[in-house]
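Below is one structure, written out as structure tokens; comments come after it.
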Amino acid sequence: MKCDVCCVNDAIILQRHTGRYLCSKCFIDDVKSRILDEVRRYEMFRGSDKLLLALSGGKDSFVLFDVVSSIHDVSRLGVITVVEGIVGYSRDEDITWILSGCKELGVDYIKTSIKDELGFSLTELVDLSNKLGVDVSPCTYCGMIRRRIINKYARELGYDKVVTAHNLDDESQTALINILRGDLSRLIQSHPKGPKLSPLFIRRVKPLRKIYEWECALYAYLRGFKFQEVECPYITTRPTLRAKVREYLYRLEAVKPGTLLRFLNIIDDLVMKFLENANRLPDLPTCRLCGEPTAYNRSLCKTCELLTRVGVIR
Ligand SMILES: [Zn+2]
Ligand SMILES: [Zn+2]
């Protein structure tokens, strides 16, 4: 069967959400152009911006690095990896390709770890937390701490934007979770045009947010990325709501291909309308311990609160 776009090459894949059979070249071009459309649609970054790519090393990281380094001036790019420090979950191989990719293009590379920044690895933190009976999932610690480390580096090194590799599956799950929890403020903040609530925050943008996870995997494979992705051992402790939402969305997607895409698009449009009419919110207060922004009506940020509870504070 020939590709529905070029009508020359053999098709290798049925892109279910468009109903088209595509060859590898047209598939790669399609993914790339949809990423570009999303970047332009929300003015995620401009040519003069210094971008810090937060890469963990998996297939999504590869796609992000491959695409962004082909559309942006590489002298204005940097990459950061925060190693979690999870027993049985090595990052060495992931870091190898990131390091060689950065070297080849002359991109600055920062490698740090939760242990270097806090004095405790993620496994050590989780063990400590379990011992003290603090009911917080490893994913919560990991996400919160990594976000904060990345933001700090971006700010101190003068980057204009932090660029992350979240895909459509991640983002539609997050949107639905925020709706189910009734968390309007988070729903708005995860929008690409969401308000920047503190001068201490460097804006985070997600160019892959309209690309399915399977598309990232196929793109990475076709571009020669060798992934033998090892699953994080904490996957089974992932917050149950996310696991349920994920399964539910996949069921809908299987019956009605394109569901995730339409869902995130309508959320984007609704939030955009809301933002156009909303008043500007005041800046967030800062944490009395670490000086980073915290939520309204709080004097201690969530990170410091948790780290205090487990006895790790710096
Ligand atoms: Zn084609
Ligand atoms: Zn704090």
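Using a Gaussian network model of the chain in which every pair of alpha carbons under 10 angstrom is joined by a spring, one finds that among Glu38, Glu156, Glu276 the greatest mean-square fluctuation is at Glu276. When each of the peptides 163-172, 109-118 is scored by how many other beta carbons lie within 10 Å of its residues on average, the order from highest to lowest is 163-172, 109-118. A protection proxy built from the mean count of other Cβ atoms within 10 Å ranks the segments 11-20, 220-229, 80-89, most packed first, as 80-89, 11-20, 220-229.
In the chain, the DSSP-assigned H stretches of four residues or longer account for a calculated mean residue ellipticity at 222 nm of -15000 deg cm²/dmol, using -39500 (n - 2.57) per stretch and the full residue count as denominator. One chain, two ends: Arg16 and Asp160. Fully extended at 0.36 nm per residue, the span grows by 48.2 nm beyond their Cα-Cα distance.
So for the stretch 6-136: antiparallel DSSP bridges make up what percent, rounded to the nearest 5?
Working: 4 of 14 bridges.
Antiparallel bridges: around 30 percent, rounded to the nearest 5.
Amide H contacts of Arg20: Gln15, each under 5 Å away and 5 or more positions distant or on a separate chain (H built 1.01 Å from N in the peptide plane; Pro and chain starts excluded).
Applying 0.36 nm per residue to the separation of Lys226 and Cys139 and subtracting their alpha-carbon distance, the gain on full extension is 28.8 nm.
Only bridges whose two residues both fall in the chain count here: according to DSSP, what percent of them are antiparallel, nearest 5?
Numbers: 6 of 22 bridges.
Counting only bridges with both partners in the chain, antiparallel ones make up about 25 percent.
In this simple spin-label approximation, Leu252 and Leu128 carry label points 7 Å from Cα along the Cα→Cβ vector, and these lie 4.0 nm apart.
I'd like the orientation of helix 92-105 relative to the chain: the angle between its Cα long axis and the longest Cα principal axis, in ° from 0 to 90, rounded to 10. Taking the Cα atoms of the chain, the angle to 92-105 is about 70 degrees.
Summary value for the chain: 19 percent relative contact order, contacts being C-alpha pairs under 8 angstrom separated by 6+ residues. The Cα atoms of the chain define a convex hull whose projected area, averaged across directions, is 17.0 nm².
Pulled fully out, how much extra length does the chain show between Asp116 and Asp183, if you take 0.36 nm times their separation in residues and subtract their Cα-Cα distance?
Details: separation 67, 0.36 × 67 = 24.12 nm, distance 3.32 nm.
Gain on stretching Asp116 to Asp183: 20.8 nm.
Where a ≥ b ≥ c are the square roots of the eigenvalues of the C-alpha gyration tensor, would you call the stretch 5-96 rounded, which needs a/c under 1.5, or, failing that, prolate if a/b is larger than b/c, or oblate? In terms of gyration-tensor shape, oblate.
Protection proxy ranking, highest mean first, for peptides 187-193, 3-9: 187-193, 3-9, where packing is the per-residue count of other beta-carbon atoms within 10 Å, averaged.
Each of Ser137, Phe201, Gly182 was placed along the dipole of the chain (beta-carbon charges, centred on the mean Cα), and the one lying farthest toward the positive end is Gly182. Computed about its Cα centre, the charge dipole of the chain is approximately 740 debye, with only Lys, Arg, Asp and Glu carrying charge at their Cβ.
When the charge dipole of the chain is built from unit charges on Cβ atoms (+1 for Lys and Arg, -1 for Asp and Glu) and taken about the Cα centre, the candidate among Gly258, Cys232, Met1 whose Cα reaches farthest toward its positive end is Gly258. Here the calculated FRET efficiency for Cys7 and Leu300, from their Cβ-Cβ distance with R0 = 51 Å, stands at 0.25, rounded to the nearest 0.05.
Rounded to the nearest 10 degrees, the angle from helix 138-156 to the longest Cα principal axis of the chain is 90 degrees. In a GNM of the chain with a 10 Å cut-off on Cα contacts, which of Pro138, Pro257, Pro207 has the highest mean-square fluctuation? Result: Pro257 has the largest fluctuation of those listed. Converting phi to 3J(HN,Hα) with the Karplus coefficients 6.51, -1.76 and 1.60 and the offset θ = phi - 60°, the stretch 67-78 yields 6, 5, 5, 8, 10, 10, 4, 5, 6, 10, 10, x Hz in sequence order, with x at every glycine or proline.
Any read-out appearing in this document is the output of simple, stated calculations on the displayed coordinates, not a laboratory observation. If you're wondering where the values come from, they're calculated on a predicted model, not measured in any experiment. Positions of Cβ are generated from backbone atoms using ideal geometry, with glycine treated the same way; all protein chains shown enter the neighbour counts.
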